[in-house]
Amino acid sequence: MVTISAWGAFVLSMKFILWTQVDEKTRRRFLYNAESRKKVLSNKVLKN
């Protein structure tokens, strides 16, 4: 368990570092894509 949590913390810190390096335009596009994906998923759930 300790190794998994340590690895998870490492991955999270790497993601955070990469996230801070990403420029605003790319970040906005990523957030927009994530939002639209959520909408699509919720629409599918509602239809079913």
Completion exercise
From DSSP H assignment alone, runs of 4+ in the chain each adding -39500 (n - 2.57), the sum over residues rounded to the nearest 500 puts [θ] at 222 nm at -32000 deg cm²/dmol
Practice task
Set Lys and Arg Cβ to +1 and Asp and Glu Cβ to -1, take the dipole of the chain about its Cα centre, and tell me which of Leu46, Leu12, Ser36 lies farthest positive.
Solution key: Leu46
Problem - Angle between the chain longest axis and helix 2-21 axis [Cα atoms, degrees, rounded to 10] - result: 70 degrees
Practice task
Place a +1 charge on the Cβ of each Lys and Arg in the chain and a -1 charge on the Cβ of each Asp and Glu, then give the dipole magnitude about the Cα centre in debye, rounded to the nearest 20.
Solution key: 360 debye
Handout entry: Nearest 10 degrees, 0 to 90: helix 24-47 Cα axis against the chain principal axis
Key = 50 degrees
Practice task
Would you list, by chain and number, the aspartates and glutamates whose Cα falls below 18 Å from the Cα of Lys44, excluding same-chain residues fewer than 8 positions away?
Solution key: Glu35
Fill in the blank from the handout: With N residues in the chain, Rg(alpha-carbon) / (2.2 N^0.38 Å) equals 1.64
Handout entry: Hits among lysines - C-alpha to C-alpha of Lys25 under 26 Å, sequence gap 8 or more where chains match
Key = Lys15, Lys38, Lys39
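No lab work stands behind these numbers, since they all come straight from the coordinates. Every value quoted in this text rests on a predicted model; they were computed, and no experiment measured them. So basically every Cβ, Gly included, is an ideal-geometry build from the backbone, and we count neighbours across all protein chains shown.
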